[in-house]
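Asks: Structure in structure tokens, see below.
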Amino acid sequence: MAEPYDTLLQVQELDTELDQLRHRIEALPERVALAEVRTRRAALAAAMAEVQSQVDDLAGRQAALEAQIAASAKRRHELEERMRSGGVTAARDLQAMDNEVGQLAERQHALEDDELVLLEEEEPLDVALAGHEAEAAALATEEVRLVAAVDAAEVELRAAIAVSEAARAERAAGLPDELAERYERLRSHLGGVGAARLVGDRCDGCHLTLPSVELERMRSLPEDTFATCPQCDRILVH
Ligand SMILES: [Zn+2]
């Protein structure tokens, strides 16, 4: 294989390697996992806010019940005080007050039962909230770990890229301008591969077999002339 085509294929090899390294940075499994953890955390935060609003609602209803219970107890206490004070002597009045005390006691029991129902409703919500909080804490730890893992993998890949880039620049400096420009133009249009080797009767760029007439023509070209694949248009090194 004659120069500068040997060098061109080395540049192509390094460019392919660099493309793969850059792709690996984007597609790091740790980065994918990190995105999943962040999505899960966001969903969890929304679920927690929903449960919390239910808990807050129950707390509001419980506070209202407690205010009613307290008001009822206060009224009952006042009645009992008055009955004990001896200021009310009429039997009918005392009977009426006694009736009211009884009703207030019943009402208080009913309100306390309602409050118990609320507490029972709140129990599974508290359990759910505690579960969500535990999961959120585990996810936060996992996120920190993954951020560090992504950083470490990136540092390693960027170091490899720097080495390959230096090697690529050194090789590419030896290419004639016209060939380098043609290669870059093809590479940008053809998925990163601008130059390919002729392997047997096949182009290693598009993997298609070349017609024998074309192969004959190519073999008759002078050493310093490059061929072009009639199928994919890539620079074909024969
Ligand atoms: Zn081809």
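Asks: Would you check which residues across the range 64-89 are among the basic types (Lys, Arg) and at pLDDT below 95 and list them?
Replies: Passing the criteria: Arg82, Arg84.
Asks: Here is a follow-up. Which residues, taken from the range 175-205, are more than 16 Å from the ligand (Cβ to nearest atom) and open to solvent by 20 Å² or more (accessible area, probe 1.4 Å)?
Replies: Scanning the range 175-205 gives Pro176, Asp177, Glu178, Ala180, Glu181, Glu184, Ser188.
Asks: How many of the residues making up the range 24-77 are open to solvent by 80 Å² or more (accessible area, probe 1.4 Å) and not basic (Lys, Arg)?
Replies: Looking only at the range 24-77, we keep the residues that are open to solvent by 80 Å² or more (accessible area, probe 1.4 Å), and these are 24, 26, 29, 36, 38-41, 50, 56-57, 61, 66, 74-75, 77.
Then keep just the ones that are not basic (Lys, Arg); that gives 26, 29, 36, 39, 50, 56-57, 66, 77.
Adding up the residues that qualify gives 9.
Asks: Any residue in the range 163-179 that's within 17 Å of Asp224 (Cα to Cα): show its pairings with residues that are part of a helix (DSSP H, G or I) at Cβ separation under 7 Å, as long as the two are six or more apart or on different chains.
Replies: Pairs that qualify, where the first residue is within 17 Å of Asp224 (Cα to Cα) and the partner is part of a helix (DSSP H, G or I), are Gly174/Thr7; Leu175/Thr7; Leu175/Leu8; Leu175/Val11; Leu179/Leu8.
Asks: Determine, yes or no, whether Thr89 is hydroxyl-bearing (Ser, Thr, Tyr) and closer than 30 Å to His132 by Cβ.
Replies: no
Asks: Please tell me if Leu8 is touching a Lys or Arg at 6+ places or on another chain (Cβ under 8 Å) and either on the phi < 0 side of the Ramachandran plot or open to solvent by 90 Å² or more (accessible area, probe 1.4 Å) (or both).
Replies: Criteria not met by Leu8.
Asks: Still on this model: In the set Ala172, Ala167, which member is of a type in the set (A, V, I, L, M), farther than 23 Å from Glu26 by Cβ and either at pLDDT 95 or above or more than 16 Å from the ligand (Cβ to nearest atom) (or both)?
Replies: Going through Ala172, Ala167 in turn, just one is of a type in the set (A, V, I, L, M), farther than 23 Å from Glu26 by Cβ and either at pLDDT 95 or above or more than 16 Å from the ligand (Cβ to nearest atom) (or both): Ala172.
Here is a yes/no grid of residues against (1) part of a helix (DSSP H, G or I); (2) of a type in the set (S, T, N, Q); (3) closer than 16 Å to Asp56 by Cβ; (4) open to solvent by 80 Å² or more (accessible area, probe 1.4 Å):
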| residue | (1), (2), (3), (4) |
| --- | --- |
| His109 | yes, no, no, yes |
| Asp113 | yes, no, no, yes |
| Val117 | yes, no, no, no |
| Glu123 | yes, no, yes, yes |
| Leu129 | yes, no, yes, no |
| Glu135 | yes, no, no, no |
| Leu139 | yes, no, no, no |
| Glu143 | yes, no, no, no |
| Leu146 | yes, no, no, no |
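Asks: Restricting attention to the range 185-197, does a residue exist that is farther than 15 Å from Gln12 by Cβ and assigned to a loop (DSSP other than H, G, I, E, B)?
Replies: no
Asks: Go over the candidates Asp93, Asp19 one by one and state the one that is surrounded by fewer than 16 Cβ atoms within 10 Å (Cβ to Cβ), more than 30 Å from Glu142 (Cβ to Cβ) and in contact with a Gly (Cβ under 6 Å, 6 or more places away or on another chain).
Replies: Asp19
Asks: Right, next: Out of the residues in the range 212-237 meeting the condition of being within 12 Å of the ligand (Cβ to nearest atom) and assigned to a loop (DSSP other than H, G, I, E, B), tell me which one is least open to solvent (accessible area, probe 1.4 Å).
Replies: By that ranking, first place goes to Cys229.
The values are calculated or read from the model by the stated rules, or taken from the named source; none is laboratory data. Bear in mind that the values here come from a model prediction, so they are computed numbers and not experimental data. Ideal geometry is used to build each Cβ from the backbone, glycine not excepted, and the neighbour counts take in all protein chains shown. These area figures cover heavy atoms from the full protein model, side chains too; ligands, DNA and RNA do not enter into them. Shrake-Rupley method; radii C 1.70, N 1.55, O 1.52, S 1.80 Å.
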